[in-house]
Amino acid sequence: MVFTLFSLMMLEVNFTLAKHRIGPLTQVAIALGMGWAGMLLCKMLGLGGASPYFAAFIAIIFYSLLNTVVSLAHPSFFKYTVPSYYIFIGLLVVLLLSARYISGISIWHLEEYRMMLLSIVIFYGIASILVRAVRFIYEAALNDY
(Lines give C-alpha, C1' and ligand atoms only; values in the text may rest on other atoms or scores of the structure.)
Protein backbone atom coordinates (compact mmCIF):
# COMPACT_ATOMS: atom_id res chain seq x y z
CA MET A 1 0.00 0.00 0.00
CA VAL A 2 2.70 2.48 1.03
CA PHE A 3 4.94 1.46 -1.88
CA THR A 4 2.06 1.95 -4.32
CA LEU A 5 1.21 5.36 -2.88
CA PHE A 6 4.86 6.45 -2.99
CA SER A 7 5.13 5.05 -6.51
CA LEU A 8 2.19 7.20 -7.61
CA MET A 9 3.69 10.28 -5.95
CA MET A 10 7.05 9.65 -7.62
CA LEU A 11 5.32 9.15 -10.95
CA GLU A 12 3.52 12.48 -10.53
CA VAL A 13 6.73 14.28 -9.59
CA ASN A 14 8.58 12.76 -12.53
CA PHE A 15 5.93 13.69 -15.08
CA THR A 16 5.30 17.25 -13.93
CA LEU A 17 8.66 18.52 -12.74
CA ALA A 18 11.01 16.52 -14.93
CA LYS A 19 9.38 17.90 -18.07
CA HIS A 20 10.06 21.45 -17.03
CA ARG A 21 13.56 20.90 -15.58
CA ILE A 22 13.47 23.94 -13.39
CA GLY A 23 17.12 24.40 -12.52
CA PRO A 24 18.55 25.86 -9.33
CA LEU A 25 19.42 29.14 -11.05
CA THR A 26 15.82 29.60 -12.17
CA GLN A 27 14.64 28.76 -8.68
CA VAL A 28 16.99 31.27 -7.10
CA ALA A 29 15.88 33.95 -9.58
CA ILE A 30 12.25 33.33 -8.60
CA ALA A 31 13.13 33.38 -4.89
CA LEU A 32 15.14 36.60 -5.26
CA GLY A 33 12.26 38.22 -7.10
CA MET A 34 9.84 37.15 -4.39
CA GLY A 35 12.14 38.35 -1.62
CA TRP A 36 12.87 41.70 -3.17
CA ALA A 37 9.19 42.23 -4.06
CA GLY A 38 8.24 41.44 -0.46
CA MET A 39 10.87 43.82 0.88
CA LEU A 40 9.72 46.55 -1.50
CA LEU A 41 6.13 46.00 -0.43
CA CYS A 42 7.15 46.25 3.23
CA LYS A 43 8.98 49.49 2.48
CA MET A 44 6.05 50.97 0.50
CA LEU A 45 3.53 50.06 3.20
CA GLY A 46 5.75 51.62 5.83
CA LEU A 47 6.11 48.47 7.86
CA GLY A 48 9.00 49.13 10.14
CA GLY A 49 11.26 46.96 12.17
CA ALA A 50 12.31 43.58 10.88
CA SER A 51 9.61 43.06 8.26
CA PRO A 52 12.16 42.96 5.39
CA TYR A 53 13.82 40.01 7.14
CA PHE A 54 10.45 38.29 7.29
CA ALA A 55 10.03 38.78 3.53
CA ALA A 56 13.55 37.46 2.96
CA PHE A 57 12.84 34.36 5.04
CA ILE A 58 9.66 33.67 3.09
CA ALA A 59 11.70 33.67 -0.13
CA ILE A 60 14.39 31.47 1.43
CA ILE A 61 11.81 28.95 2.62
CA PHE A 62 10.21 28.97 -0.82
CA TYR A 63 13.56 28.15 -2.44
CA SER A 64 14.22 25.42 0.13
CA LEU A 65 10.92 23.70 -0.51
CA LEU A 66 10.98 24.11 -4.28
CA ASN A 67 14.56 22.91 -4.59
CA THR A 68 13.93 19.88 -2.40
CA VAL A 69 10.89 18.82 -4.41
CA VAL A 70 12.52 19.39 -7.80
CA SER A 71 15.59 17.41 -6.71
CA LEU A 72 13.41 14.29 -6.80
CA ALA A 73 13.29 14.56 -10.60
CA HIS A 74 17.08 14.69 -10.98
CA PRO A 75 19.04 11.44 -10.86
CA SER A 76 22.36 12.83 -9.61
CA PHE A 77 23.01 14.10 -6.10
CA PHE A 78 26.38 15.63 -6.99
CA LYS A 79 25.20 17.36 -10.16
CA TYR A 80 22.05 18.90 -8.70
CA THR A 81 21.88 18.95 -4.91
CA VAL A 82 25.47 19.85 -4.05
CA PRO A 83 25.55 22.91 -6.36
CA SER A 84 22.15 23.86 -4.92
CA TYR A 85 23.77 24.17 -1.50
CA TYR A 86 26.18 26.81 -2.81
CA ILE A 87 23.34 28.64 -4.54
CA PHE A 88 21.37 28.51 -1.27
CA ILE A 89 24.26 30.14 0.59
CA GLY A 90 24.44 32.87 -2.07
CA LEU A 91 20.69 33.42 -1.79
CA LEU A 92 21.01 33.75 1.98
CA VAL A 93 23.78 36.31 1.70
CA VAL A 94 22.03 38.43 -0.95
CA LEU A 95 18.62 38.45 0.75
CA LEU A 96 19.96 39.05 4.24
CA LEU A 97 22.18 41.90 3.07
CA SER A 98 19.23 43.38 1.17
CA ALA A 99 17.05 43.15 4.28
CA ARG A 100 19.84 44.74 6.32
CA TYR A 101 20.09 47.60 3.86
CA ILE A 102 16.33 48.20 3.69
CA SER A 103 15.56 47.84 7.40
CA GLY A 104 18.75 49.34 8.80
CA ILE A 105 18.78 46.65 11.49
CA SER A 106 21.43 43.97 11.74
CA ILE A 107 20.27 40.38 12.08
CA TRP A 108 22.60 40.11 15.08
CA HIS A 109 20.20 42.38 16.98
CA LEU A 110 17.22 40.14 16.18
CA GLU A 111 17.47 36.94 18.18
CA GLU A 112 14.21 35.49 16.82
CA TYR A 113 15.36 35.89 13.25
CA ARG A 114 18.74 34.31 13.98
CA MET A 115 16.92 31.29 15.40
CA MET A 116 14.65 31.19 12.33
CA LEU A 117 17.70 31.32 10.08
CA LEU A 118 19.32 28.42 11.90
CA SER A 119 16.08 26.41 11.70
CA ILE A 120 15.69 27.04 7.97
CA VAL A 121 19.29 26.06 7.22
CA ILE A 122 19.00 22.84 9.26
CA PHE A 123 15.64 22.04 7.64
CA TYR A 124 17.01 22.52 4.13
CA GLY A 125 20.05 20.36 4.77
CA ILE A 126 18.15 17.51 6.38
CA ALA A 127 15.21 17.62 3.95
CA SER A 128 17.42 17.56 0.87
CA ILE A 129 19.41 14.60 2.18
CA LEU A 130 16.26 12.71 3.19
CA VAL A 131 14.68 13.27 -0.22
CA ARG A 132 17.78 11.89 -1.90
CA ALA A 133 17.72 8.88 0.46
CA VAL A 134 14.08 8.22 -0.39
CA ARG A 135 14.90 8.41 -4.09
CA PHE A 136 17.78 5.96 -3.58
CA ILE A 137 15.48 3.51 -1.78
CA TYR A 138 12.85 3.90 -4.50
CA GLU A 139 15.37 3.22 -7.27
CA ALA A 140 16.75 0.23 -5.37
CA ALA A 141 13.24 -1.17 -5.01
CA LEU A 142 12.61 -0.72 -8.74
CA ASN A 143 15.86 -2.52 -9.59
CA ASP A 144 14.81 -5.53 -7.49
CA TYR A 145 11.75 -6.11 -9.68
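The values are calculated or read from the model by the stated rules, or taken from the named source; none is laboratory data. A quick note: this is a predicted structure, and the numbers were derived from the prediction, not measured. Heads up, the Cβs are rebuilt from the backbone with ideal geometry, glycines too, and the neighbour counts pull from every protein chain shown. SASA here: full protein model, heavy atoms, side chains in, ligands and nucleic acids out. Shrake-Rupley method; radii C 1.70, N 1.55, O 1.52, S 1.80 Å.
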Quick one: putting +1 on the C-beta of Lys and Arg, -1 on the C-beta of Asp and Glu, what dipole do you get for segment 65-145 around its Cα centre, in Debye to the nearest 20? 180
Once the Cβ-Cβ distance between residue 65 and residue 29 is put in as r, and R0 is 22 Å, what FRET efficiency do you end up with, to the nearest 0.05? 0.85
With a 1.4 Å probe and all protein chains in place, put 32, 25 in order of accessible area, largest first. 25, 32
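What does the charge add up to near residue 132, with Lys and Arg as +1, Asp and Glu as -1, over the other residues with Cβ less than 14 Å from its Cβ? Could you put the intermediate results ahead of the total?
Details: positive: 79, 135; negative: 139.
Here the count lands on +1.
Relative to the present Cα-Cα distance, how much length would full extension add between residue 109 and residue 138 at 0.36 nm per residue of separation? Before the final figure, lay out each step's value.
Numbers: separation 29, 0.36 × 29 = 10.44 nm, distance 4.47 nm.
Additional length available on full extension: 6.0 nm.
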Could you state the accessible area per residue of segment 17-145 in Å², with a 1.4 Å probe and every protein chain left in place? 58
Here segment 13-145 gives, from Cα atoms, an Rg and Dmax in Å of 16.8, 60
Give me a comma-separated list of calculated 3J(HN,Hα) values for segment 135-140, in order, Karplus coefficients 6.51, -1.76, 1.60 applied at θ = phi - 60°, integers in Hz, x for any Gly or Pro. 5, 4, 5, 4, 5, 5
